[in-house]
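The values are calculated or read from the model by the stated rules, or taken from the named source; none is laboratory data. All values reported here derive from a predicted model rather than from experimental measurement. Please note: Cβ atoms are built from the backbone with ideal geometry, for glycine as well, and neighbour counts cover all protein chains shown.
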Amino acid sequence: MAVLGQKHSRFMSAITRGRTQSKLAQLLMNPNHTETHKTQIRRATYDEAKDLKAWDEFVGDRRIDNWRGELFVAVDGGEVVAYISYSSNLFYNRPFIGLLCVKASYRRRGIARQLIQQILATYDGLDVWVSTEEWNEPAVKLFDSLGFRKMGAIKGLNRDESVEAYFVRQSCAEGADSVATQP
Ligand SMILES: CC(C)(COP(=O)(O)OP(=O)(O)OC[C@H]1O[C@@H](n2cnc3c(N)ncnc32)[C@H](O)[C@@H]1OP(=O)(O)O)[C@@H](O)C(=O)NCCC(=O)NCCS
């Protein structure tokens, strides 16, 4: 099956998904912002999305994700320290986490976990997909700790010849998309 989009990483990966447009539109206009004592998760402003370039580990321009309305940032003490991009329907019409990056000095504080939880809340009731290079132990462990299961891998997708592994966090909701239950 053709991959419809591409994840831009230091390497490169595939993307993409969809469903109940009205509910998604409602959620996107009124996201459940997550806030802890320290780190706030919210939509990025134009300038914040533009300025991610200064420390972003991935290629491409995050303003594009922001224009699509599919970018959250983590803000700590007024500073943007992490972001997550995602798509509702570019990955075979399923919710897909595209890029996730935390500033090096802010890692291991639970920020990536918070960002992923924001996406899971946004798509409450739907399965959410994500991918990363098989060697990326921090990411693999992060996904594992949040209940994602590895479903497969693609060779030949990334420029550096690393294997891209795909994971799903299945929803318990009745009627949710679930490849695992399909024959
Ligand atoms: C992967 C990445 C997003 C993790 O961000 P983070 O904010 O440090 O992650 P968290 O603090 O939320 O970690 C949550 C859990 O993930 C796992 N984890 C995260 N980093 C880890 C590491 N370096 N080694 C092992 N496990 C790790 C742990 O289980 C951790 O829980 P714990 O701290 O209670 O043990 C970050 O390292 C990063 O931005 N890397 C570069 C970009 C990248 O690889 N993105 C992912 C692929 S799209």
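Worth a mention:
- Residue list for region 83-112, restricted to those being more than 11 Å from the ligand (Cβ to nearest atom), more than 17 Å from residue 63 (Cβ to Cβ) and polar (S, T, N, Q): 88, 89, 93
- When residue 52 is tested against (1) more than 8 Å from the ligand (Cβ to nearest atom); (2) loosely packed, with under 14 Cβ neighbours inside 10 Å, exactly one condition is not met: (2).
- Residue within region 65-84 that is assigned to a strand (DSSP E or B) and under 18 Å from residue 166 (Cα atoms) present: yes
- Residues that are closer than 20 Å to residue 87 by Cα, assigned to a loop (DSSP other than H, G, I, E, B) and not charged (D, E, K, R), drawn from region 106-157: 123, 125, 126, 146, 147, 148, 157
- Given (1) surrounded by 20 or more Cβ atoms within 10 Å (Cβ to Cβ); (2) within 12 Å of the ligand (Cβ to nearest atom); (3) farther than 22 Å from residue 49 by Cα, number of the condition residue 130 does not satisfy: (3)
- Going through (1) at pLDDT 95 or above; (2) within 16 Å of the ligand (Cβ to nearest atom) one by one, residue 37 falls short only on (1).
- Residue 169 vs. criteria more than 15 Å from the ligand (Cβ to nearest atom), buried (at least 19 other Cβ atoms within 10 Å of the Cβ) and among the charged types (D, E, K, R): no
- Test: residue 160 is surrounded by fewer than 17 Cβ atoms within 10 Å (Cβ to Cβ), farther than 17 Å from residue 84 by Cβ, within 11 Å of the ligand (Cβ to nearest atom) and of a type in the set (D, E, K, R): no
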